[in-house]
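Enquirer: After the structure tokens below, expect a handful of questions from me.
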Number of protein chains: 4
Amino acid sequence: MGDEPQPRLRADARRNRDRIVDAAKSWFATHGPEAPTEEIARSAGVAPGTLYRHFADREALIAAVAVNNLDHALAEAHAAVAEESSAWDALVRILRQSTELRLSFRLLTAYPHVHAVLKKEREADNSRRKMIALLDRVVRRAQSEGTLRTDVGTGDVAMMFALLAHPLSIEWTTTAQLASERCMSLLLESLRAGEAHDTLPGHALWPEDITTG
Amino acid sequence: MGDEPQPRLRADARRNRDRIVDAAKSWFATHGPEAPTEEIARSAGVAPGTLYRHFADREALIAAVAVNNLDHALAEAHAAVAEESSAWDALVRILRQSTELRLSFRLLTAYPHVHAVLKKEREADNSRRKMIALLDRVVRRAQSEGTLRTDVGTGDVAMMFALLAHPLSIEWTTTAQLASERCMSLLLESLRAGEAHDTLPGHALWPEDITTG
Amino acid sequence: MGDEPQPRLRADARRNRDRIVDAAKSWFATHGPEAPTEEIARSAGVAPGTLYRHFADREALIAAVAVNNLDHALAEAHAAVAEESSAWDALVRILRQSTELRLSFRLLTAYPHVHAVLKKEREADNSRRKMIALLDRVVRRAQSEGTLRTDVGTGDVAMMFALLAHPLSIEWTTTAQLASERCMSLLLESLRAGEAHDTLPGHALWPEDITTG
Amino acid sequence: MGDEPQPRLRADARRNRDRIVDAAKSWFATHGPEAPTEEIARSAGVAPGTLYRHFADREALIAAVAVNNLDHALAEAHAAVAEESSAWDALVRILRQSTELRLSFRLLTAYPHVHAVLKKEREADNSRRKMIALLDRVVRRAQSEGTLRTDVGTGDVAMMFALLAHPLSIEWTTTAQLASERCMSLLLESLRAGEAHDTLPGHALWPEDITTG
DNA sequence: GATGAATGAGTATTCATTCAT
DNA sequence: GATGAATGAATACTCATTCAT
């Protein structure tokens, strides 16, 4: 969905390109946007030159990963809209599930420069606009439904979403997982029209839950 | 307040150390934890050698900055508790005002390693424990007051706090500022015991508010 | 005229080979002998692999260009001899007009290695010998005519020629053009038979003095 | 003479800088301006980082070498003027002896870009202007003396000089040496005032004709 | 203690050349 | 034969850290 470069690539080249993007995605996710290109190439099983045949420089690679993420997220979001019975449920699912989108946000955040890059590449900019447009539709529909408070806008929702796009400071344990879900629930609750508190998942977290030693 | 290295330093050395920590703090805040040591030294008005006389390596410097931040945050938090009339207000003030504390979180997040470092240095670990203990007291008191929902714990509060410790992805404009404040308000609201929505600051943000082009 | 590789080439292969040599010639002329092979291939409208099917490596390509130049220069020189009424006029025309020959010299100068390469390929060496022989005839004839000073030899003439084979350091403006022509005139004048010549150091240089093998 | 960077350097740093320039000079002379910086550093007996501490990039190094050459040439030229009894003899000596100056010309020729670089650095530009001014004085004085033909200008002399700034295409044997000297003699002879000169094309070239700014 | 020059390992990127399609 | 993707060695440049002055 908007992921291919203009001229068709030979099948093997296409496969390499995809493997590079995948490798980059996971290195960026775990080591940040400065992850060594050589490692990325090695993970993709190609020589460094091959990486550079496909992407002019690090920035181009980052943009490609961001676009790829955005496209996947967009697909997920479309599915959510199609399959969920209410706009609110779609919104919840979009926010809860889009791991890919979160990485996009992280990259954009870390490389403010990339923002500009994305806008220049028509394809990338398209994906971005589509994502925003879709979110906007869902938000407005949820407000019509009366499930989303009406004093927030799509921008507010996107912003809150961006908050969750960061890795949490504690290691990736079951507790961290739980913490993350509880945060998400609290955030969603604050967006909900009406009063009553939902039940939060798991149990309240106290100091002893977040301190290892 | 727990900031000094064991042996007393000559006055000028002490001053250098402080200037380095200050310089590092602002470079880390603006350029992230990979900011070049040479630039930090230059900003502090010292030669690189001097920086390394005081701090064995980048990690030591990060730890020092984190401790320093924590100490300042602790002081602010104490003031909040002393001066605000309710635990809730104290909590709000702590969460809203502690820029220093947010930076600490960011550093810890980016350098998970530092976590361990901090725990090893008795002094640093002390500050950390004190901060957690204070927050814990405020949280429990706010729950007794009936102002904080009782299905969340200190760990949840800290976690939400951590979310706000990241820079937002859009540039530092008035809108970004507003977005940030609205997020904070929503977060606080989700922690609040009881129903009614507060009025959010400013106006709802829509796509056109967060898109430049 | 001595330009074809031993076995006959298919017509399209032949055309490719020629286009590559032409492209290389102009890249070498404008960007020097280190011009990227990929660019040369692109200019020739072929893929890099095709370039390498015709020429084993950069050196082979340079040799081919040098030979090609030499052949063209030889043709020009023959025409000059045939059409000019005196040996002196022929010499002047040869020196003034042979842009191709100048490039040959430049390449040989930059890649002393190529010298050896040229001598090994019978065909290339033939062209070289023919060029020298022709020049030698013209020089001796001009001296018989009494138009060329007799204390210089073919080697001296070739050497002065080599001097003009380099691009001038100032940009390619009208002035540069003029400067270049004035130099040429001065050089020719110094070769002219006439009164009151200084004694030149050493002895006249003849072909055997500048040819190793 | 205009060779030192603004602030005084520590003695050892100064020595390193000089050794780097010397090493670069000889690598550039023998391998052209693309000679690997690492080799240059090794020849100078320093690590690559040291080279880059002194010179921001290859271009800066080239500029430094060019300036250094120019300064040496300037000194030689001053000596020639002071010690020779006629302007003509001074001119001959300047042209014959300035090996350093020839290298400068070669670098400028190969890196047209460097021209611009040189003009930006005040010090470099000064040296260049001084050299031209000195040559101009000698030329005009030689013409007053009646030893230099009056239909040539300083620009023409500089241009002819530039011709000799290139390495000759044959290896560095005794014959090559001789060839080179004979060329020089012929060139000088063509500049000599005397009878029966041909008319040169255009007009004499003076400094203002070959200087852009 | 402070200085700032030197070090050298680390990394991005280029490009001649090879090889699978 | 042609193609153009892949290779990987070569090389410039950076920056954390060490050390002579």
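Enquirer: What are the label-to-label distances in nm, one decimal and shortest first, from residue C:52 to the same spot in the other copies, with labels 7 Å along Cα to Cβ?
Expert: Shortest to longest, the spacings are 1.6, 3.0, 4.3 nm.
Enquirer: Under the rule of at least 5 residues apart or a separate chain, name every residue whose amide H is placed under 5 Å from the amide H of residue D:148.
Expert: Residues meeting the amide H criterion: D:143, D:193.
Enquirer: What does the average come to when, for each residue of peptide D:143-155, you count the partner chain Cβ atoms lying within 10 Å of its Cβ?
Expert: 1
Enquirer: To continue, here is another question. Which distances, in nm and shortest first, link the residue D:193 label point to the same label point in every other copy, taking 7 Å along Cα→Cβ?
Expert: Ordered by distance, the counterparts are at 2.9, 10.4, 11.1 nm.
Enquirer: Right, next: With Cβ to Cβ distances under 11 Å as the rule, what net charge do the other residues near residue C:37 carry (K, R +1; D, E -1)?
Expert: On the way: positive: C:42, C:58; negative: C:34, C:38, C:39, C:57.
Combined, the nearby Lys, Arg, Asp and Glu give -2.
Enquirer: Using a 1.4 Å probe, how large is the accessible area of residue C:34, given in Å² and rounded to the nearest 10?
Expert: 120
Enquirer: How far, in whole Å, is the nearest Cβ of chain D from the axis relating it by rotation to chain C, and which residue carries it?
Expert: Minimum Cβ distance to the axis, with residue: D:190, 2.
Enquirer: For the range C:44-53, in order, what is each residue's ³J(HN,Hα) by Karplus, 6.51 cos²θ - 1.76 cosθ + 1.60 with θ = phi - 60°, in whole Hz (x at glycine and Pro)?
Expert: 7, x, 10, 7, x, x, 5, 4, 6, 6
Enquirer: How far apart are the residue C:10 label points across copies, placing each 7 Å from Cα toward Cβ, in nm, shortest first?
Expert: 1.8, 6.8, 8.3
Enquirer: Output wanted: per-residue J couplings in Hz (rounded whole) for the range B:85-92, from phi through Karplus 6.51 cos²θ - 1.76 cosθ + 1.60, θ = phi - 60°, x for Gly and Pro.
Expert: Per residue, the Karplus-derived 3J(HN,Hα) values read 7, 10, 4, 4, 4, 4, 4, 4 Hz.
Enquirer: For the C and D pair, go ahead and give the buried accessible area with a 1.4 Å probe, both sides summed, in Å² to 100.
Expert: The buried area between C and D, both sides summed, comes to about 3900 Å².
The values are calculated or read from the model by the stated rules, or taken from the named source; none is laboratory data. It should be emphasised that the depicted structure is a prediction, and the values quoted were computed from it without experimental measurement. No Cβ is skipped: glycine too gets one built from the backbone with ideal geometry, and neighbour counts run over all protein chains shown. What goes into the accessible areas is simple: the full protein's heavy atoms, side chains included, and nothing from ligands, DNA or RNA. Shrake-Rupley method; radii C 1.70, N 1.55, O 1.52, S 1.80 Å.
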